[in-house]
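Student: Okay, here's the structure, questions in a sec.
Readers should treat all values here as calculations from the given coordinates under stated rules, not as data from a laboratory. If you're wondering where the values come from, they're calculated on a predicted model, not measured in any experiment. Neighbour counts are summed over all protein chains in view; Cβ atoms, including those assigned to glycine, are modelled from backbone coordinates with ideal geometry.
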Amino acid sequence: MNINDIVNGILAGDKRMIARSISLIENDENAREAIIGRIYSHGSAKIIGITGPPGVGKSTIIGNLAPMLAKTGKVSILAVDPASPFSGGSILGNRIRMQEALSRYNIYMRSTSNRLYEGGLSEYSWDIIKVMEASGSDYIIVETVGSGQSDLDIMNIADITCVILAPGLGDEIQAVKSGLMEIGNIFIVNKMDREDSYMAIKDIRETLNMSNKADIPVIGLNSLTLENYDRFVKYINDWKYQNKYRRNERKIKQIIMEKIYRIYSEYINNIDSADIENENPYYAAEKIMKNVAGQKFGYLEK
Ligand SMILES: Nc1nc2c(ncn2[C@@H]2O[C@H](COP(=O)(O)OP(=O)(O)OP(=O)(O)O)[C@@H](O)[C@H]2O)c(=O)[nH]1
Ligand SMILES: [Mg+2]
């Protein structure tokens, strides 16, 4: 199968080709660059980030929200799983059930592992989201690993970041709060059927107010009864979405950072210590960097 077929398949919204292209993107650098090179300007989606600590109900919320959004546009979902081997089995089972439920609404869902990538997103989240966008999605919902500080990079990819919390998180909530408070465009307290849920809303409201974020809404949801989902959907639909080219700019910066890291790492590992051990470290480091910067690499030569 060639890149032409895959690109045409993506643009036609062919789910089999979309799945195929995502596997290629995750595993084959040349294919990744070729596919993105052909599709990067296609489509225009609203990217909705869903993040928060483990178990607060992110997947449940997405399972409820996606069919509601599907009434007004095509929806795709990207779920980023933690790399941890411990959670593997159960998460997979949940995903399969969710996938089956959502396919009735013509919603495409894909999971990707964040492997050992530092942030809460996978290394290729941007590329996968791009494929979903080029395939005609109007909404792309991204669930990130709820790992507190480390998934702050969702805000770099989503147009709107929804932070999900739940009552009874206890001390954990304090730990994640400082980081998550910075990135949320809306805060959801899920599991409003539980006691202490109103306390949780009050607590979050006060924390936001103290950080001059009085204009950011805190909405309570009951995901068993769908109570208040209409407010949530309205907020998402009324949100002022960014120009999609803003996302390109961030991706370019990310590519540069990754390439710099990779190229310099390779170079550093190959330095012969005999060549540098007697040098002034500051001088030697700059000299080496100048050498690397003058080299040619990658895309432009292909
Ligand atoms: N009582 C109650 N339980 C809920 C509600 N929403 C979700 N749950 C339950 O909470 C548990 C965790 O829900 P998930 O949707 O898997 O949570 P998650 O945030 O996606 O979890 P991770 O992806 O593992 O971080 C499940 O057993 C849900 O059925 C709610 O509104 N009320
Ligand atoms: Mg989940």
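Student: Provide D138, D238 in ascending order of the number of other Cβ atoms located within 10 Å of each residue's Cβ, fewest first.
Tutor: Ranked by crowding around the Cβ, least crowded first: D238, D138.
Student: Can you list residues whose amide H is under 5 Å from M192's amide H, if they're 5+ apart or on another chain and H is modeled 1.01 Å from N?
Tutor: Here L221, N222, S223 satisfy the definition.
Student: Quick check for me: using +1 on Lys/Arg Cβ and -1 on Asp/Glu Cβ, what's the dipole size of segment 3-42 about its Cα centre, in debye to the nearest 20? Walk me through the numbers before you get to the answer.
Tutor: Numbers: 5 positive and 6 negative charges, 37 e Å.
Dipole magnitude for segment 3-42 comes out near 180 debye.
Student: Can you give the net charge of the other residues whose Cβ lies under 13 Å from the Cβ of I216, counting K and R as +1 and D and E as -1? Numbers along the way, then the final one.
Tutor: Numbers: positive: R205, K213; negative: E182, E206, D215.
My count for the surroundings of I216 gives -1.
Student: To continue, here is another question. Please list, or write none, the lysines whose alpha carbon is within less than 22 Å of the alpha carbon of K259, excluding same-chain residues fewer than 8 places away.
Tutor: Of all the lysines, those that pass the test against K259 - Cα under 22 Å, at least 8 places apart if same chain - are K130, K251, K287, K290, K296, K302.
Student: Scan around I47 for amide H atoms under 5 Å from its own, H built in the peptide plane at 1.01 Å from N, and keep only partners 5 or more places away or cross-chain.
Tutor: Residues meeting the amide H criterion: I140, D159, I160.
Student: Calculate how large, on average over all directions, the projected area of the Cα convex hull of segment 202-302 is; give the answer in nm² to one decimal.
Tutor: Numbers: hull surface 55.0 nm².
If I average the Cα hull's projected area over directions, I get 13.7 nm².
Student: Per residue Cα convex hull volume for segment 250-297, in cubic angstrom?
Tutor: 77 Å³
Student: Sort R110, R20 by Cβ crowding within 10 Å, fewest neighbours at the top. Working shown, then result.
Tutor: Details: R110 20, R20 16.
Ordered by Cβ neighbours within 10 Å, fewest first: R20, R110.
Student: What is the fewest-to-most order of W126, W239 by other Cβ atoms lying within 10 Å of their Cβ?
Tutor: Numbers: W126 20, W239 14.
Listing W126, W239 from fewest to most nearby Cβ atoms yields W239, W126.
Student: Normalise the Cα radius of gyration of segment 1-42 by 2.2 N^0.38 Å (N = residues in it) and let me know the number. Please list the in-between numbers first.
Tutor: Working: Rg = 9.0 Å, N = 42, 2.2 N^0.38 = 9.1 Å.
Normalised Cα radius of gyration, segment 1-42: 0.99.
Student: Okay, next question. Amide H to amide H under 5 Å from A79: which residues, 5+ apart in sequence or cross-chain, H placed 1.01 Å off N in plane?
Tutor: R110, S111, T112, E143
Student: Filter K71/K253; K191/K253; K213/K234; K191/K244 down to the pairs with a C-alpha to C-alpha distance above 29 Å, please. Please list the in-between numbers first.
Tutor: Values: K71/K253 35 Å; K191/K253 38 Å; K213/K234 20 Å; K191/K244 33 Å.
From the list (K71/K253; K191/K253; K213/K234; K191/K244), the Cα-Cα distance tops 29 Å for K71/K253; K191/K253; K191/K244.
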